[in-house]
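Below you'll find the structure, written out as structure tokens, and then a few comments.
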Amino acid sequence: MKILKYTLLAILFVVLSVGSGFYYVVHSLNKADAGFADNTSPSTDEFIKGGRMNILLMGVDAGTIGASEEHNRYRSDTMMVFSIDLDKKNIKVLSIPRDTRVKIQGVGIEKINAAMAFGGPNLAVKTVKDLLDVPIHNYVVVNYKGFKEIIDALGGVEINIEKPMKYDDNAGNLHIDLKPGLQVLDGDKAEQYVRYRHYPGGDLDRIKAQQKFIDAVAKTLLRPSTLLKLPKIINTIQENVQTDMQPLEIASLANLARQVSTDNIEMFMLPGEAKYISGISYFIPYKSQMEELVDNIFFDGGYSKVAVLNGNGSSGIASRIARILEQNGFKVVKIANADSFDYETTTILYPKEKKDDAEKIAKIFTNAKLKEESQLQAGLTTVIVGKDIN
């Protein structure tokens, strides 16, 4: 089920921004047994100030009908990466079709929605990181019944349904029957709307419909009457949402919400096409277009591609520094040895137009030297790791 996407975006960036941030933090810290936080996951990257914050949002389906809860395996029916520039106050959202064909570590070739079923949020995060080659700093997962309860807590969502939506899946206990017209959807009908899949354009049309639903949710959350429902909304979220974000982190995002204009929120879909391979329907990303889109979403905003060279001879040092740079929002496109291993001090070479990038990189290190260089290969800002870094 495309459960959370903007529902959670709206919850985090709208509901909290209109006055509940302090209430939420106090409420969360006082609930020692709250199910909202999950501190066991080592899969997400450390967020270091200066880069974009990337949050993976997932909505899980009903799992296997009839399976016991402890043995049930939930797939992610929705996958969206929210990339947030805290300084420029903009948000870019990338939707990943559930049928995207990927290699899942320890599993093999599968649809990307299976990662959640095989390894929970940890494996889902890793799979998305491997697909996009970007850092993921946090995840948020909403469960099957949580979506309906959140919508009901809001008092329903008004939306205009353009065409009849009718579908029955007895095996999956899914029954959709929505009439066209402007109407308020309660939790049950909202679930029908976001789970409907029989569009001419398949998953891509489904994502468009869900983006429309998100806009409707955002409008609902912006109503003054929503303030009166905040305690119920927050309790519902805590009972149905799993995340590795801490209350104070969410409060920080709530503060950002007050400053983000809707004009600064952009939505994207992974480019690609549906194909049958060995009798199975997959979504196949267009590799070059995907890489271009990833650059646009995750690595614009003043951050650029960089090269990292080993200038001190220590094994693995360049790769380690590359990971740190990526956690800061830079995209490392080259890792290699420098012309020698005799660099005493870490040196950052940069073309004139990339001075800002070089200065941001320099803040990561203690004694790095900056040097403008006009003859850099491909104009890449280049970090040469010196003997001052072990």
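The values are calculated or read from the model by the stated rules, or taken from the named source; none is laboratory data. What you see is a predicted model; the values in this text were computed from it and never measured. Cβ atoms come from the backbone with ideal geometry, glycine included; neighbour counts cover every protein chain shown.
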Item to complete: Could you list, in sequence order, all residues of segment 123-172 that are outside any loop (DSSP other than H, G, I, E, B), surrounded by fewer than 18 Cβ atoms within 10 Å (Cβ to Cβ) and under 19 Å from the mean Cα position of the chain (by Cα)?
Response: D130
Worksheet item: Would segment 326-338 turn up any residue that is part of a helix (DSSP H, G or I), modelled with pLDDT under 90, out of contact with any Asp or Glu (no Cβ under 8 Å at 6 or more places or on another chain) and surrounded by fewer than 16 Cβ atoms within 10 Å (Cβ to Cβ)?
Response: no
Worksheet, complete the sentence: Residue count, segment 277-305, condition surrounded by 18 or more Cβ atoms within 10 Å (Cβ to Cβ), of a type outside the set (A, V, I, L, M, F, W, C) and not in a strand (DSSP E or B), comes to 2
Worksheet item: Mind checking which residues of segment 339-384 are touching a Ser or Thr at 6+ places or on another chain (Cβ under 6 Å) and among the aromatic types (F, W, Y)?
Response: Y350, F365
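Condition check ((1) in contact (Cβ under 8 Å) with a residue 40 or more places away in the chain; (2) crowded, with 18+ Cβ neighbours inside 10 Å; (3) assigned by TED's automatic domain parsing to the domain that holds N54; (4) more than 22 Å from K92 (Cβ to Cβ)) across all residues:
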site: A307; (1), (2), (3), (4): yes, yes, no, yes
site: G313; (1), (2), (3), (4): no, no, no, yes
site: Y343; (1), (2), (3), (4): yes, yes, no, yes
site: Y350; (1), (2), (3), (4): no, yes, no, yes
site: K355; (1), (2), (3), (4): no, no, no, yes
site: E359; (1), (2), (3), (4): no, no, no, yes
site: L370; (1), (2), (3), (4): no, no, no, yes
Worksheet item: Within segment 45-63, is there a residue that is in contact with a Pro (Cβ under 6 Å, 6 or more places away or on another chain), at pLDDT below 80, under 24 Å from I364 (Cβ atoms) and in a loop (DSSP other than H, G, I, E, B)?
Response: yes
Worksheet, complete the sentence: For segment 182-206, pairs from a residue that is in a helix (DSSP H, G or I) to a residue that is polar (S, T, N, Q) and surrounded by 20 or more Cβ atoms within 10 Å (Cβ to Cβ), with Cβ under 6 Å and 6 or more apart or across chains, are V194/Q210
Worksheet entry | Selection count where residues are hydroxyl-bearing (S, T, Y) and surrounded by 18 or more Cβ atoms within 10 Å (Cβ to Cβ), scope segment 199-224 | 1
